[in-house]
1. Counting only residues that are crowded, with 18+ Cβ neighbours inside 10 Å and among the β-branched types (Val, Ile, Thr), how many does segment 183-195 have?
2. Taking the options Met109, Met79, Met136, name whichever one is within 30 Å of Val11 (Cβ to Cβ) and in contact (Cβ under 8 Å) with a residue 60 or more places away in the chain.
3. Counting only residues that are within 25 Å of Ser146 (Cβ to Cβ), surrounded by fewer than 21 Cβ atoms within 10 Å (Cβ to Cβ) and of a type outside the set (Gly, Ala, Ser), which one in segment 80-91 is modelled with the highest pLDDT?
4. Please list, ordered by first then second residue, the pairs with beta carbon atoms under 7 Å, 6 or more apart or interchain, first in segment 40-59 and surrounded by fewer than 21 Cβ atoms within 10 Å (Cβ to Cβ) and polar (S, T, N, Q), second in a helix (DSSP H, G or I) and at pLDDT below 85.
5. Take segment 1-39 and flag every residue that is surrounded by 15 or more Cβ atoms within 10 Å (Cβ to Cβ), outside any helix (DSSP H, G or I) and not charged (D, E, K, R).
6. Check Phe88 against each of (1) over 22 Å from Leu16 (Cα atoms); (2) touching a helix residue (DSSP H, G or I) at 6+ places or on another chain (Cβ under 7 Å); (3) not polar (S, T, N, Q) and name the one condition it does not meet.
7. Failed condition for Val147, given (1) buried (at least 18 other Cβ atoms within 10 Å of the Cβ); (2) out of contact with any Phe, Trp or Tyr (no Cβ under 7 Å at 6 or more places or on another chain), with all others met?
8. Residues to consider are Ile155, Ile180; find the one that is touching a Gly at 6+ places or on another chain (Cβ under 8 Å) and buried (at least 16 other Cβ atoms within 10 Å of the Cβ).
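The values are calculated or read from the model by the stated rules, or taken from the named source; none is laboratory data. If you're wondering where the values come from, they're calculated on a predicted model, not measured in any experiment. When we count neighbours, we look across all protein chains shown, and the Cβ atoms used for this are built from the backbone with ideal geometry, even at glycine.
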Amino acid sequence: MIKNYEDLSPVAIDCLKEIGNIGSGSAANALSQMLGKTVTMRVPDVSVLDYQHVIEQMGGPEKVITGILVHLNGDIQGMIMFLLEDSFAQVVLSTFLGKENVFSAIKEMGNIMAGSYLQAIGTLTGLTIDMSVPAMTVDMMGAIMSVPIVEYSEIGDKVLFINDGFVIDGVNIKSNIILIPDMKSLYILMKKLGVAEDG
């Protein structure tokens, strides 16, 4: 039985990368339609990191970023969080300039990205995953990361960190995803993917 994220085998990590690939591809298509711009995704890199390393990877605790948080229910319990740099907000601003719905547009993009990833997991595993309405905040990295640290402290201090990003009309957007299924959900997910190690 998987007790923490460090128990994941290299094969399991590869499976999560493949989910990231599929999710990224469908998210890119959906974002492209919404923005009316060309969107390409980079190949995601999946690693198991502690919270401190995630904060450092994103530029330190005082770096201001946009965080979009979605809670997961159904067959998989946990949360998925998108961490987006300022350049993403700037692209959205330039697209929706003069409109009051810039924040709702970014939220909707979070919705699209989360939906794409969860659909990829559902397609590969047959699991039913429901998601909450995305909650969005613009804050310092340290403050944003305090949410999963508090909510999922019983799981430990490790998370699945998906380092991807995309290019929108030639502009490089750094984007990262933190996936935190609880341990039971992670085991179910790995079993469905055929890479769970009992014991």
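1. 1
2. Of the residues listed, the single one that is within 30 Å of Val11 (Cβ to Cβ) and in contact (Cβ under 8 Å) with a residue 60 or more places away in the chain is Met79.
3. Glu85
4. Hits for this filter: Thr40/Ala28.
5. Within segment 1-39, Ile2, Leu8, Val39 meet the criteria.
6. Result: Phe88 fails condition (2) only.
7. Going through (1) buried (at least 18 other Cβ atoms within 10 Å of the Cβ); (2) out of contact with any Phe, Trp or Tyr (no Cβ under 7 Å at 6 or more places or on another chain) one by one, Val147 breaks only (1).
8. Going through Ile155, Ile180 in turn, just one is touching a Gly at 6+ places or on another chain (Cβ under 8 Å) and buried (at least 16 other Cβ atoms within 10 Å of the Cβ): Ile180.
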